[in-house]
Amino acid sequence: MEKLKPKLFSVMKHYSKKQFVNDVISGIIVAIIALPLSIALALASGVGPKEGIFTAITAGFVISFLGGSRVQIAGPTAAFATIVAGIVAKKGMQGLVVATIMAGILLMIMGFIRMGSLINYIPATITSGFTMGIAITIFLGQIKDFLGLTFEKSPIETMEKVVEIGKSIGTFSLQAFIIGMIALAILVFWPKKLQIIPPSLVAVIVTAAMVKLMDLQVNTIGDLYTVTSELPSFHLPTATFGDIVGLFPDALTIAVLAAIESLLSCVVSDGMIGSRHRSNMELIAQGAGNIVSALFGGIPATGALARTAANVKNGGRTPIAGMVHAVTLLLIVLVMMPYAALIPMPAIAAILFIVAYNMSGWRTVAHQIKTSPKSDTIVLVTTLVLTVVFDIVVAIAVGFVLASLLFMKRMAEVTDVNGWVYPEAMNEEANDENIFYKKVPSNTRVFEINGPMFFASSDKFTNIIEDTSEDFLIIRMRSVPAIDATGVQTLEKILDVCKKYKVTVIFSHVNEQPMSIMKKAGFVEMVGADNFCEHIDSALARAVELGNAAKA
């Protein structure tokens, strides 16, 4: 069983001075990368720049300290932008704090009851659908600032923003657009040889200098938000029982998103460094990190794949790098935070355009649509559209239900019941190596069930009892991996009809899971334990034995 032990405590046993130096250098570089991203993602989430920085500091430190990954870097991510913006707009910052704390508690519970492996049960089509949907939502939400538009209203929903963009296109600002394009060009064309200097940092410095020195009429962060060197401070929120009930769906969404994104990031980073994360410990750390973030003025956090990859690329191999990243950001807040007020909003929009593009996974989506069955494509497209048109809560719920229904349909389609073909009917001689050609007593009928026996396929078993003229009915179940309550009830109905017509039912090769369910339901006692045989030969022998006994 996986240990609930932070990776930090494991790696310190063999920690070296050389690795410490590499971790410190990587942590500093990642902090520089995280600074503009944290600000941009906070603004996309409907909060101020300081909330994004506070999240990266508090959650980043706690998650690295307690986490189940060697290299995970945590902080605000694009996945939360739309859900956070919606909570803040409808229920205020206080509501977001309460929802984030609740999400943290849910994540910790998930970790303690060892639900880390359940991430494998979320279909890739749903993950791809809502991820691309979030990317589109972020992109659409930044068009206003990139074009320098002035909205008459402040819409919350994505489709309302699209309508407002159309109405406000006449307020287009050429200066804002030029600044946005310059920032975007730097982000796209910054030389790979100079990647040690984050292009996002270069973009905000260059465009901020242009706006300041050229006195351009372009909105900056300082025009819209108050920016100070304030440090994170503890604040315990108050909430009524009604608040908690009302915020529970939002908290659950935050928890599920944090779990999905953090564990996906862990899996990818494992492949990069040849390690193996502890998923349940990671969930506990994510929960603790979100609670601390909320209590110290932050927003929801999770593992950030881009920053984690940058950590690995720059030599970080232990949680010390993530902790250094958080401490470095704290020092930057003390010294340089007021300068963040000079960052132009079009530059922030350009950064978020790149974030949206990178997270969209459009190549993966295109490949899935091209190669997947139509049912999977329906789930993906439905989840994507609902994320954009409504919200991610509706999208995940509907997508999961739809995926489950389509999965059950596929399972029902592969389940079938076949009656044996007798040698006489095919003018063939019996052949012990072919199940269709085994010698069957004249008063016996054999049916073989293939596939799971569950409620969606129960109607396929009626042909077993269409002919009750035989004395013995053998049901071969070697290809039945699982059965549910409806499947047992179907077998009980078959047994009742057979008893009515004095037909003895014999089962062949019942697998472990179906046998366990049958015993629990008392079905084995109804049939008789002696009528459950290990394989088809012993079942046929049982029919012969009972037939001879009846004649005697």
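Let's see how each residue does on (1) buried (at least 19 other Cβ atoms within 10 Å of the Cβ); (2) in the same structural domain as D459 (by TED's automatic domain parsing); (3) more than 18 Å from G547 (Cα to Cα):
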position: I483; (1), (2), (3): yes, yes, yes
position: S508; (1), (2), (3): yes, yes, no
position: M526; (1), (2), (3): no, yes, yes
position: D530; (1), (2), (3): no, yes, no
* Check T100 against each of (1) over 26 Å from A239 (Cα atoms); (2) assigned to a helix (DSSP H, G or I) and name the one condition it does not meet. => (1)
* Asked: Among the residues of the range 292-303 satisfying the criterion of being within 25 Å of the chain's Cα centre (by Cα) and assigned to a helix (DSSP H, G or I), which is nearest to I57 (Cα to Cα)?
  -> S293
* Looking only at the range 199-244, which residues are of a type outside the set (D, E), surrounded by fewer than 18 Cβ atoms within 10 Å (Cβ to Cβ) and assigned to a helix (DSSP H, G or I)? -> L201, V202, I205, V206, A209, K212, L213, G222, L224, F241, G242, I244
* **Test: A185 is part of a helix (DSSP H, G or I), among the small types (G, A, S) and touching a residue at least 24 places away in the same chain (Cβ under 8 Å)** => no
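Does R363 meet the test of being at pLDDT below 85, loosely packed, with under 15 Cβ neighbours inside 10 Å and among the basic types (K, R)?
No, not satisfied.
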* Asked: In this structure, does F189 turn out to be closer than 22 Å to A40 by Cβ, of a type in the set (A, V, I, L, M, F, W, C) and loosely packed, with under 14 Cβ neighbours inside 10 Å?
  -> yes
* Asked: Which number in (1) buried (at least 18 other Cβ atoms within 10 Å of the Cβ); (2) touching a helix residue (DSSP H, G or I) at 6+ places or on another chain (Cβ under 7 Å) marks the one condition that L540 misses?
  -> (2)
* **Hits in the range 152-172 (condition: assigned to a helix (DSSP H, G or I), of a type in the set (S, T, Y) and at pLDDT below 90)** => T158
* Asked: Does Q175 count as within 30 Å of T100 (Cα to Cα), touching a residue at least 40 places away in the same chain (Cβ under 8 Å), assigned by TED's automatic domain parsing to the domain that holds V312 and not in a loop (DSSP other than H, G, I, E, B)?
  -> no
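Does A258 meet the test of being in contact (Cβ under 8 Å) with a residue 12 or more places away in the chain, surrounded by 19 or more Cβ atoms within 10 Å (Cβ to Cβ), within 26 Å of the chain's Cα centre (by Cα) and not assigned by TED's automatic domain parsing to the domain that holds T100?
Numbers: in contact (Cβ under 8 Å) with a residue 12 or more places away in the chain: yes; surrounded by 19 or more Cβ atoms within 10 Å (Cβ to Cβ): yes; within 26 Å of the chain's Cα centre (by Cα): yes; not assigned by TED's automatic domain parsing to the domain that holds T100: yes.
Answer is yes for this residue.
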* Using the structure shown, decide if V292 is modelled with pLDDT of 90 or more, hydrophobic (A, V, I, L, M, F, W, C) and surrounded by fewer than 20 Cβ atoms within 10 Å (Cβ to Cβ). => no
* Just a yes or no: is a residue in the range 2-10 more than 25 Å from the chain's Cα centre (by Cα), basic (K, R) and modelled with pLDDT under 95? -> no
* Evaluate the range 312-326: report whether one residue or more is modelled with pLDDT under 95, surrounded by fewer than 24 Cβ atoms within 10 Å (Cβ to Cβ), among the β-branched types (V, I, T) and touching a helix residue (DSSP H, G or I) at 6+ places or on another chain (Cβ under 7 Å). => yes
* Asked: Got a sec? Which of G86, G27, G46 is small (G, A, S), assigned to a helix (DSSP H, G or I) and under 28 Å from T383 (Cα atoms)?
  -> G86
* In this structure, is P373 in the same structural domain as G133 (by TED's automatic domain parsing) and in contact with a helix residue (DSSP H, G or I) (Cβ under 9 Å, 6 or more places away or on another chain)? -> no
* A550 being loosely packed, with under 15 Cβ neighbours inside 10 Å, touching a residue at least 24 places away in the same chain (Cβ under 8 Å) and under 20 Å from D459 (Cα atoms) -> no
* Asked: With respect to the numbered conditions (1) farther than 27 Å from F139 by Cα; (2) of a type in the set (A, V, I, L, M); (3) modelled with pLDDT of 95 or more, which one is the sole condition not fulfilled by I299?
  -> (1)
* Asked: Do you know which of the residues in the range 390-415 that are over 18 Å from T125 (Cβ atoms) and exposed (fewer than 15 other Cβ atoms within 10 Å of the Cβ) is modelled with the lowest pLDDT?
  -> V414
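The values are calculated or read from the model by the stated rules, or taken from the named source; none is laboratory data. Just so we're clear, the structure is a prediction, and the values are computed from it rather than from any experiment. We place every Cβ from the backbone using ideal geometry, glycine too, and count neighbours over all the protein chains shown.
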